[in-house]
Amino acid sequence: MSQDSASVPSPTAAVLIIGNEILSGRTQDVNLAYLAKELSALGIPLREARVVPDIEAEIVAAVNAVRARYSYVFTTGGIGPTHDDITSGCVAKAFGVELVLDPEAVALLRRHYTGDQLNEARLRMATVPKGSRLIENPVSTAPGFQIGNVYVLAGVPAIMRAMFDGLKGGLKGGRPVSSRTVSTYLGEGVIAQALGALQQRFPKVDIGSYPFFRRGKFGTSLVARSTDETELDQIAEGLRALIRDLGGEPHEGEIA
């Protein structure tokens, strides 16, 4: 990698999960894990995620906070046809622009809904902040949109994934994040001191410790994440060595 490319800051991302149904526990979010994995593979580490209620002031504040801090912001939820789907209007307010009826979005909906099926409620799904670019929805037609560095996606997982799959080719990523996992039937308390010393040797690498209980025994999975494959190999060897030094047996990857 050249000196010039090395000096360019790596892109980062945040996710805003919007909806009272998530906060109430009625709906379990699965979009965050998908986006985190996809963004990591693109070299765009996810640095923050927030769950925001269907309250205009809180959505506006959250959008403005994260769009100023991260390269990309992805919102999920709140762009349907009902009264509590307020994400589009909130994003427009965050950017200080009007919410407008997009002719292209209207045409898409007219092709999908026949006759009086395209009622006033469904037409709300064609309103976007002025200056937005539509994001294709190959599942149910009603589009998402992009304005600035904010990408507004549906909350329904299948639709959100289809939208993201269509737009991810246009994202500018950095070096993909790789990982190495070494597991053992030693507890975190046994490993902690040696693991802390290894982390100090490699301060730029994220080394995590994840306890588990399998086959009637407690154990720990140690995971290192970095864009530097050489350092990851060195850390993996260091993890295996510290496990052996503590009287354990290292296992590559997760223990099934």
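The values are calculated or read from the model by the stated rules, or taken from the named source; none is laboratory data. Here the structure is a predicted model, which means the values were calculated and not measured. Because the Cβ atoms are built from the backbone with ideal geometry, glycine has one as well, and the counts that use them run over all protein chains shown. The protein model used for the area step is the full one, side chains on, heavy atoms only, and it has no ligands, DNA or RNA in it. Shrake-Rupley method; radii C 1.70, N 1.55, O 1.52, S 1.80 Å.
If I filter the range 215-222 for residues that are touching a helix residue (DSSP H, G or I) at 6+ places or on another chain (Cβ under 8 Å) and of a type in the set (D, E, K, R), do I get at least one hit?
No, because not a single residue in the range 215-222 is touching a helix residue (DSSP H, G or I) at 6+ places or on another chain (Cβ under 8 Å) and of a type in the set (D, E, K, R).
Identify all residues within the range 7-27 that are of a type in the set (Val, Ile, Thr), surrounded by fewer than 18 Cβ atoms within 10 Å (Cβ to Cβ) and more than 20 Å from Arg175 (Cα to Cα); write none if there are none.
The one that is of a type in the set (Val, Ile, Thr), surrounded by fewer than 18 Cβ atoms within 10 Å (Cβ to Cβ) and more than 20 Å from Arg175 (Cα to Cα): Thr27.
Looking at the structure I just gave you, is Val152 among the β-branched types (Val, Ile, Thr), within 22 Å of the chain's Cα centre (by Cα) and open to solvent by 30 Å² or more (accessible area, probe 1.4 Å)?
no
Take residues that are in contact (Cβ under 8 Å) with a residue 40 or more places away in the chain and open to solvent by less than 70 Å² (accessible area, probe 1.4 Å) and tell me which of the strands (runs of 3 or more DSSP E) falling wholly in the range 28-128 contain 1 or more.
In the range 28-128, the matching strands (runs of 3 or more DSSP E) lie at 72-76.
Do the conditions hold for Asp206, that is, is it of a type in the set (Asp, Glu) and touching a strand residue (DSSP E or B) at 6+ places or on another chain (Cβ under 6 Å)?
Answer is yes for this residue.
Taking into account only those residues within the range 203-250 that are under 17 Å from Ile191 (Cβ atoms), among the aliphatic types (A, V, I, L, M) and in a helix (DSSP H, G or I), which is most open to solvent (accessible area, probe 1.4 Å)?
The extreme case among them is Ala241.
Among (1) modelled with pLDDT of 95 or more; (2) part of a loop (DSSP other than H, G, I, E, B), where does Val152 come up short?
Among (1) modelled with pLDDT of 95 or more; (2) part of a loop (DSSP other than H, G, I, E, B), the lone unmet condition for Val152 is (2).
A quick yes/no check of all residues on (1) closer than 20 Å to Val15 by Cβ; (2) at pLDDT 95 or above; (3) open to solvent by 30 Å² or more (accessible area, probe 1.4 Å):
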{"site": "Ile159", "(1), (2), (3)": "yes, yes, no"}
{"site": "Ala162", "(1), (2), (3)": "yes, yes, no"}
{"site": "Leu167", "(1), (2), (3)": "yes, yes, no"}
{"site": "Val177", "(1), (2), (3)": "yes, no, yes"}
{"site": "Gln193", "(1), (2), (3)": "no, yes, yes"}
{"site": "Gln199", "(1), (2), (3)": "no, yes, yes"}
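Which numbered condition trips up Ser183, out of (1) surrounded by fewer than 18 Cβ atoms within 10 Å (Cβ to Cβ); (2) of a type in the set (S, T, N, Q); (3) modelled with pLDDT of 95 or more?
(1)
What number of residues within the range 179-201 are closer than 22 Å to Pro45 by Cβ, out of contact with any helix residue (DSSP H, G or I) (no Cβ under 6 Å at 6 or more places or on another chain) and not in a helix (DSSP H, G or I)?
So the count comes out to 2.
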